[in-house]
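Notes to accompany the following structure.
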Number of protein chains: 2
Amino acid sequence: MITGDASYIKKINRSLIIREILREEMISRADLSKITALTRATISAQVSDLLEEELVVETQLEHNSVGRKPIMLSLNGHAGYALGIDLDFGQVSFTLSNLLGSPVSSEIIRIHTNNYAEILELLILNITKYQKEFSDSRYGIVGIVVAIHGLVSNDEIIQYVPRFHWKNVNLKSDLEKAVGVEIHLENNANLSSFAERVFIHHETDNLLCTTLYSGIGLGMMMNNKFFRGHDGFAGEIGHMIIVPGGKPCTCGNEGCWEKYASETSVFEYLSETKSMSNITYEQIQQWMNEDDSDVYEIMEQFIYYLSIGLNNMINIYNPDVVVIDSELLRIYPDSLNKIHQNLHSQISHYRELTLSTIGKKSCVLGACALAISHFLDVPILNLPYKD
Amino acid sequence: MITGDASYIKKINRSLIIREILREEMISRADLSKITALTRATISAQVSDLLEEELVVETQLEHNSVGRKPIMLSLNGHAGYALGIDLDFGQVSFTLSNLLGSPVSSEIIRIHTNNYAEILELLILNITKYQKEFSDSRYGIVGIVVAIHGLVSNDEIIQYVPRFHWKNVNLKSDLEKAVGVEIHLENNANLSSFAERVFIHHETDNLLCTTLYSGIGLGMMMNNKFFRGHDGFAGEIGHMIIVPGGKPCTCGNEGCWEKYASETSVFEYLSETKSMSNITYEQIQQWMNEDDSDVYEIMEQFIYYLSIGLNNMINIYNPDVVVIDSELLRIYPDSLNKIHQNLHSQISHYRELTLSTIGKKSCVLGACALAISHFLDVPILNLPYKD
DNA sequence: TTGTATTAGTTAGTTCATTAAACAAATTAA
DNA sequence: TTAATTTGTTTAATGAACTAACTAATACAA
């Protein structure tokens, strides 16, 4: 049970201070005191710890107002590194960032296996390599987070990864035994939503991010925490039934949303209509340029069903910001406007609906950011996004 | 901004201690110390405050084990009263409870108006009456909570009450000006979910409660907080589209869930089929006793569409406990089993699905409990339910 | 150039709630 | 009657925040 004592309040205030430094990027002790309502004495004491730990650095800036010149404080991005890993079907992405979330190194490794042991070995090999390579800096690699494209329960055990056919595997424990440091697993949609919040939408405390690729994933940041549900399986919105008695789904029901509004469903319709397999985004782009009527019809239907699900999602969650991550919508002209026009219910309340600007790499960037947030012991952070 | 200081620690620990006293109903200082991991000295100091404030009373119980006999502590239910008000269409219910949530007085007043000013006056009149009548006891009436059958935003302004045709009214402020004490407004489904958690489902930190009367309401308790969404409008699940291009709804969309799975929808179907208006529950009960096939068909369809929506709700929220409050399901034989059988998806995860045992009065009891929780400054409480 | 106002940051001492440890009280069982 | 055990209180120490007074550095005006 968490009880209050002196060290607990110090932790609370430290977390607040780090959070403000990151939010403002550069800020003086005096301004920290004003924002947090902690006294300048308290701020000084806490900052002195942070300087000692090399997590914060001081800078003298030009200043042209009356009074003593403030000493600006900022987070020391060079104190360590965070490693984000995206364990996707067919490829594993590794991104190493500094403590400010700026990528330092990125690499994508193709894999041609679903075998757990083989993939585990590949992960161990690469993590060890990064650990050796980046042991300079005060703290070295401060955290590792792996994105899982499937169900991860609250105890970080992988319950199910559809495309790998993995069920109930303890990757966290297997990795930790091999590399000797703490590893965290997180669902890919959750990490995308974290990235959208941390790198882009700095002002919201309520963000949904839906990813429309092989299925439909939903990640949610609410009051600066993931919304996970009781076991960690919340956001399985792809299996929301929107057509009673509709197409059968592997989940055992009929008429699930992702049978109508995932990119996979669009590719399937196109393959059928065009009698063509292995259709690429480039091919679709070309058809769109040519005003192909089949593609138009299929895309319009995609947007129709997508809007129904979005309407439901918005009524259910009453979000502030909704981010959609879909390559097809990015290339289809005027797609966002069309969706907006479909969301005309009196009840639906949201402030902003956008297409993701980060795109597919949001997942691995979110993993880096989550590792940083664990290390700094702050529930949320604002980091600059440099494209 | 909330920062940590000594008084904040004390508040945290006090809240923990009160919560444990309520959970255990009777507990000694020594056991409180074991459960909370606070030292006995700390517990003694805090309890001494609570005794001074008459919020806690000591009892000597029989004891037959070795060592000094413990002094049992329990919450002093007689220190004050909580007033819950259910502002429903056609009637206003007032329930006054003691600090342990036991009703002391209950009264239902029929109203024949939707006029805001008239209803406001009625509320003021009655609140003032209760204040005078129950000013004995150490604290008198410690809190007043009003249940609103409509949208209440996070700043406690009534956005919309469909059946009263109220839009954007500030009942909280109008009442507070007139009666001179703090008043809180809360959505009725939220209060029902609070009551289910506080009086019945003591062990869960994740509960959904759906009310199927005029429309479909959804209240959610997650990690001992209401799940409200960004503005307070989350849980508008009745307007989830489950039949694309289906029946038109007042919200501006077509095929909303509450057009198929609210009790109102059942009454409408029955009225049409039986060519009869003003159908009562007693009438339906009689038809059911006679194995009426029209009623059977309509009820089976109700359960079919209800299950679709429940499936969606469960996939989206991954709840621990789901409580359904519906009089029709209570009287229809085997209804719960039929719903269970419809929820066969691989993805759906929930632990328990039940019909409400508290029923319609959950809303006003939840209002009392919420007033108590505000007064004691504990986010959640366990109270005994005495039918 | 000098003094004054202003802002930034530090230092000394106080306050408050916790903890640890010793103690007092009350009870069972040998 | 004594030992063992458990409950609850007292006392001193600790830690982190606070207040208040200080030093430092700067702009600006006389």
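The values are calculated or read from the model by the stated rules, or taken from the named source; none is laboratory data. What you see is a predicted model, and the numbers here were worked out from it, not measured in a lab. FYI the Cβ positions are ideal-geometry reconstructions off the backbone, even for glycines, and counts take in every protein chain you see. What goes into the accessible areas is simple: the full protein's heavy atoms, side chains included, and nothing from ligands, DNA or RNA. Shrake-Rupley method; radii C 1.70, N 1.55, O 1.52, S 1.80 Å.
Please determine whether any residue of the stretch A:293-309 is surrounded by 15 or more Cβ atoms within 10 Å (Cβ to Cβ), part of a loop (DSSP other than H, G, I, E, B) and within 11 Å of chain B (Cβ to nearest Cβ). Within the stretch A:293-309 (the criterion being surrounded by 15 or more Cβ atoms within 10 Å (Cβ to Cβ), part of a loop (DSSP other than H, G, I, E, B) and within 11 Å of chain B (Cβ to nearest Cβ)), the answer is no, since none of the residues qualifies. The residue of the stretch B:342-383 that is farthest from B:Ile12 (Cα to Cα), among those that are assigned to a loop (DSSP other than H, G, I, E, B), open to solvent by less than 30 Å² (accessible area, probe 1.4 Å) and of a type outside the set (Gly, Ala, Ser), is B:Leu343. Could you check the stretch B:1-13 and list, in sequence order, the residues that are more than 13 Å from DNA strand C (Cβ to nearest atom) and not hydrophobic (A, V, I, L, M, F, W, C)? Correct list: B:Thr3 only. Each residue in the stretch A:14-51 was checked for being among the charged types (D, E, K, R), open to solvent by 20 Å² or more (accessible area, probe 1.4 Å) and away from DNA strand C (no atom under 11 Å from the Cβ), and 6 pass. Could you please let me know if A:Glu54 is open to solvent by 70 Å² or more (accessible area, probe 1.4 Å) and either of a type in the set (D, E, K, R) or modelled with pLDDT of 95 or more (or both)? When the stated conditions are applied, A:Glu54 passes them. Against the conditions (1) at pLDDT 95 or above; (2) closer than 30 Å to B:Asn13 by Cβ, A:Leu75 satisfies every one except (2).
Of all residues in the stretch A:59-76, one or more are among the small types (Gly, Ala, Ser) and surrounded by 12 or more Cβ atoms within 10 Å (Cβ to Cβ).
To keep it simple, each residue is scored yes or no on (1) under 15 Å from the mean Cα position of the chain (by Cα); (2) closer than 22 Å to B:Leu120 by Cβ; (3) in the same structural domain as B:Ser335 (by TED's automatic domain parsing); (4) hydroxyl-bearing (Ser, Thr, Tyr).
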position: B:Val152; (1), (2), (3), (4): yes, yes, no, no
position: B:Asp155; (1), (2), (3), (4): no, yes, no, no
position: B:Ile158; (1), (2), (3), (4): no, yes, no, no
position: B:Val161; (1), (2), (3), (4): no, yes, no, no
position: B:Leu175; (1), (2), (3), (4): no, yes, no, no
position: B:Val179; (1), (2), (3), (4): no, yes, no, no
position: B:His184; (1), (2), (3), (4): yes, yes, no, no
position: B:Asn187; (1), (2), (3), (4): yes, yes, no, no
position: B:Thr210; (1), (2), (3), (4): yes, no, yes, yes
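Scanning the stretch B:99-108 turns up no residue that is within 16 Å of DNA strand D (Cβ to nearest atom), in a strand (DSSP E or B), open to solvent by 50 Å² or more (accessible area, probe 1.4 Å) and without any contact (Cβ under 8 Å) to a residue 60 or more places away in the chain.
Considering only the stretch A:37-94, state which residues are part of a loop (DSSP other than H, G, I, E, B) and either of a type in the set (A, V, I, L, M, F, W, C) or under 30 Å from A:Arg110 (Cβ atoms) (or both).
Keep residues of the stretch A:37-94 that are part of a loop (DSSP other than H, G, I, E, B), which gives A:37-39, A:53-55, A:61-70, A:76, A:80, A:89-90.
Across the stretch A:37-94, the qualifying residues are A:Ala37, A:Leu38, A:Leu55, A:Leu61, A:Val66, A:Gly80, A:Phe89, A:Gly90.
Restricting the stretch A:115-145 to residues that are open to solvent by 60 Å² or more (accessible area, probe 1.4 Å), part of a loop (DSSP other than H, G, I, E, B) and modelled with pLDDT of 95 or more leaves a set whose member that is nearest to A:Asp377 (Cα to Cα) is A:Tyr139.
Comparison of A:Gly235, A:Gly252, A:Gly215 shows that the only residue that is at pLDDT below 95, crowded, with 24+ Cβ neighbours inside 10 Å, over 25 Å from A:His374 (Cβ atoms) and within 11 Å of another protein chain (Cβ to nearest Cβ) is A:Gly215. Within the stretch B:30-72, being away from chain A (no Cβ under 14 Å), more than 8 Å from DNA strand D (Cβ to nearest atom) and within 18 Å of B:Arg19 (Cβ to Cβ) holds for B:Asp49, B:Leu50, B:Leu51, B:Glu53, B:Leu55, B:Val56, B:Val57. Give me the residue from the stretch A:196-212 that is more than 7 Å from every other protein chain (Cβ to nearest Cβ) and of a type in the set (S, T, N, Q) and, out of that set, nearest to A:Asn315 (Cα to Cα). So the residue we want is A:Thr210. Does at least one position in the stretch A:1-18 carry a residue that is in a loop (DSSP other than H, G, I, E, B), within 14 Å of chain B (Cβ to nearest Cβ) and near DNA strand D (Cβ under 9 Å from one of its atoms)? There is at least one residue in the stretch A:1-18 that is in a loop (DSSP other than H, G, I, E, B), within 14 Å of chain B (Cβ to nearest Cβ) and near DNA strand D (Cβ under 9 Å from one of its atoms). Condition check for B:Asn278 on (1) of a type outside the set (Gly, Ala, Ser); (2) open to solvent by less than 60 Å² (accessible area, probe 1.4 Å); (3) at positive phi: one failure, at (2).
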